[in-house]
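Report on the following structure.
The values are calculated or read from the model by the stated rules, or taken from the named source; none is laboratory data. Worth saying up front: this structure is predicted, and the values here are computed from it rather than measured. Neighbour counts run over all protein chains shown; Cβ positions are idealised from the backbone, glycine included. Quick note on the areas: whole protein, heavy atoms, side chains included, nothing else; ligands and nucleic acids left out. Shrake-Rupley method; radii C 1.70, N 1.55, O 1.52, S 1.80 Å.
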Amino acid sequence: MRAMMRLAASLIAATAALLSAAPSPNVTLELRDYVEFPVTGLLDGKGQTDGMLARINSLREEPGGAPRFFVNDLNGPLYILDKATKRITPYLDFNGREGHRGLFHKFSYEVGYANGLNSVQFDPDYRANGRFYTVHIEDPALPGSAAPDNSAYPNLSVDGYTTTRPIPTPGSIQREGVLIEWTDTNIANATFEGTARELMRVPLNSRIHTLADVQFDPTARRGDSEWRVMYIGCGDGGSGEARTEIRMNPQRLDTLVGKVLRIVPDLAEHQSTSTVSDNGRYRIPNDNPFVSVAGARKEIWAYGFRNPARLHFAVDLDDPKNNRWIANSIGLHTWETVNVVHKGANYGYSLREGNEALQRDNKTTKLPDDDSIPVQVTDTITNGSVTPTYPVIQYGHVKGGGDAIGSGFLYRGKLLPALRGKYVFTDISTGRVWYADYREMLAADDGKPGTLAATHEIKLSWDDPHGASHGEMRLYDSMFPIAEAAYHFRGGKSTHLPGLALVSGEGRADAHVAVDAAGELYVFTKTDGVLRVVTRAMTGS
Ligand SMILES: [Ca+2]
Ligand SMILES: [Ca+2]
């Protein structure tokens, strides 16, 4: 079985010229349960997301040495997790739908993978200003105000809070992604007191591929041009696979969907090198690539993505010149991709998927001889043409591959020297974990669609604390059986895991990796709602 999977994986890899030089070691990661998050899903959920016990979507350590994490559950809660005591404290709950006491009456979380409280991120100057940012998803058709309801949080002042006008997305709209800046006036406690400010509201054509990850360059310091400059991954809202006129939205420069965005949230920051946005809530750096293209959105940094749901600033410990923005983008029909994000580059979707052309029937085919596509400003206006930029890693929707790429990190911690120089990433549904050599990724970023970095399976070693085999480390091919054991222990009723996907079959693990402030590695799975820490990385053949 394992040999078959290896064979399948090597066949996928063989479809492109690989840049692997020396043989890469087999890696096994030893996992230990860290915390179980409160169950916010249904033990007997039958849908794609309602049966996930806790839809944890990101883990961020407070900057400046405070031993706490902020952790968001898509179902609504934002928790503070104390690193020393492992105590979980509910901090804010975004779910203010009928019957819930949280902040937002239009909160959308029940269906759609990335609906709900999608992400949280600290301001790099959080120790001084108490600021952090959230993205949550709303259904504009729901009744009530879109401003936060502070009845459960009387110390949240909503005086003067006003919503922003949605930034237009062509086509009919089902959801809105909302970016908010929060200022906690006392970061020493575990309660919220302070203010909130809506920065941006992005309409989405459907309930999938939403406004998502929010990141800052962690190496930027005060005085640097990148200091407190925010990068945002915005999914295409499902537009690129539609058979209607919205299909070109990921390519169109007059809309924010299917893009990586770059803004300055603080109106007082970088004043001489940026301009204030249309809605007056943030600034746009003057060196963004499309600021002088008439009709283009100035917020756009890179475009032509389906769902760049995970952004990561890769820090090369050996050479800062090799630091890069990386976007993991979830594929449609054939390819899951890892992309090095370059200023102004076009990643091809919905005219390309992975290193192939995408046809109107949503199937891939070989690239045309003339590999250029129009720079689409609006539905009718183009501005020359461009050769697409291709992924540096891709894997297929086949056995041995997966269904949907999860998060990924270039390891920069100290505990796991075997992972140094390696980019570790997951497939969401199958729960598989892979690594690629970062130098190979950089080499594959060569403008040639056929050159890709090789992917290497990572095995997992785990002692099931609740199982009959407790006391014994067992070896696993993916996070799926690990999450399955914990899901059943916590009362989950589904035979395997809830959900369904092409490659994972019955059940989805919903696995992601995360890192703490020191760059040490964690793994979390939504289906069992458990966060695990990687305690050891072992190499062998
Ligand atoms: Ca506080
Ligand atoms: Ca290449």
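So that you can scan it fast, the table gives a plain yes or no per residue for (1) of a type outside the set (Lys, Arg); (2) away from ligand 2 (no atom under 16 Å from the Cβ); (3) under 27 Å from the mean Cα position of the chain (by Cα):
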{"position": "Ser350", "(1), (2), (3)": "yes, yes, yes"}
{"position": "Asn362", "(1), (2), (3)": "yes, yes, yes"}
{"position": "Leu367", "(1), (2), (3)": "yes, no, no"}
{"position": "Pro374", "(1), (2), (3)": "yes, yes, no"}
{"position": "Val392", "(1), (2), (3)": "yes, no, yes"}
{"position": "Ser407", "(1), (2), (3)": "yes, yes, yes"}
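Sort through Pro166, Pro170, Pro90 and tell me the only one that's out of contact with any Ser or Thr (no Cβ under 9 Å at 6 or more places or on another chain), not basic (Lys, Arg) and not in a strand (DSSP E or B).
Numbers: Pro170 fails: out of contact with any Ser or Thr (no Cβ under 9 Å at 6 or more places or on another chain); Pro90 fails: not in a strand (DSSP E or B).
Among Pro166, Pro170, Pro90, only Pro166 is out of contact with any Ser or Thr (no Cβ under 9 Å at 6 or more places or on another chain), not basic (Lys, Arg) and not in a strand (DSSP E or B).
Could you tell me whether Leu81 is in contact with a Gly (Cβ under 8 Å, 6 or more places away or on another chain), within 30 Å of Val530 (Cβ to Cβ), part of a strand (DSSP E or B) and away from ligand 2 (no atom under 16 Å from the Cβ)? Can you show your working first?
On the way: in contact with a Gly (Cβ under 8 Å, 6 or more places away or on another chain): no; within 30 Å of Val530 (Cβ to Cβ): yes; part of a strand (DSSP E or B): yes; away from ligand 2 (no atom under 16 Å from the Cβ): yes.
Here the answer is no, as Leu81 does not meet what is asked.
Against the definition (over 20 Å from the mean Cα position of the chain (by Cα), closer than 22 Å to Glu61 by Cβ and modelled with pLDDT of 95 or more), how does Leu78 come out, yes or no? Quick ask: steps written out before the conclusion?
Numbers: over 20 Å from the mean Cα position of the chain (by Cα): no; closer than 22 Å to Glu61 by Cβ: yes; modelled with pLDDT of 95 or more: yes.
So Leu78 fails the test.
What are the pairs, 6+ residues apart or on separate chains, where a residue within segment 174-189 that is under 14 Å from Gln121 (Cβ atoms) and among the charged types (D, E, K, R) has its Cβ under 6 Å from a residue that is part of a strand (DSSP E or B) and within 16 Å of ligand 2 (Cβ to nearest atom)?
Within 6 Å, no pair qualifies.
Of Glu198, Glu245, which residue is acidic (Asp, Glu), touching a residue at least 60 places away in the same chain (Cβ under 8 Å) and open to solvent by 10 Å² or more (accessible area, probe 1.4 Å)?
Numbers: Glu198 fails: open to solvent by 10 Å² or more (accessible area, probe 1.4 Å).
Going through Glu198, Glu245 in turn, the sole match is Glu245.
For segment 321-340, which positions are of a type in the set (A, V, I, L, M, F, W, C) and open to solvent by less than 10 Å² (accessible area, probe 1.4 Å)? It would help to see each step written out before you state the result.
First, the residues of segment 321-340 that are of a type in the set (A, V, I, L, M, F, W, C): 325-327, 330, 332, 335, 338, 340.
If the condition is that a residue be of a type in the set (A, V, I, L, M, F, W, C) and open to solvent by less than 10 Å² (accessible area, probe 1.4 Å), then Ile326, Ala327, Val338, Val340 are the ones that fit.
Can we say Asn155 is in contact with a helix residue (DSSP H, G or I) (Cβ under 8 Å, 6 or more places away or on another chain) and modelled with pLDDT of 95 or more? Please lay out each step first, then the result.
Working: in contact with a helix residue (DSSP H, G or I) (Cβ under 8 Å, 6 or more places away or on another chain): no; modelled with pLDDT of 95 or more: yes.
Judged against the criteria, Asn155 is not a match.
What pairs come out if I take residues in segment 379-392 that are without any contact (Cβ under 8 Å) to a residue 40 or more places away in the chain and pair them with residues that are more than 16 Å from ligand 1 (Cβ to nearest atom) and part of a loop (DSSP other than H, G, I, E, B) whose C-beta lies under 6 Å away, six or more apart or interchain?
The qualifying pairs are Ser385/Ser372.
For segment 499-519, which residues satisfy the criterion of being farther than 17 Å from Ala485 by Cα, open to solvent by 20 Å² or more (accessible area, probe 1.4 Å) and outside any strand (DSSP E or B)?
Result: Leu502, Val503, Ala517, Ala518.
Among Gly112, Gly96, Gly65, Gly160, which is modelled with pLDDT under 95 and open to solvent by less than 30 Å² (accessible area, probe 1.4 Å)? Walk me through it before giving the result.
Working: Gly96 fails: modelled with pLDDT under 95; Gly65 fails: open to solvent by less than 30 Å² (accessible area, probe 1.4 Å); Gly160 fails: open to solvent by less than 30 Å² (accessible area, probe 1.4 Å).
None of the others qualify; the one that does is Gly112.
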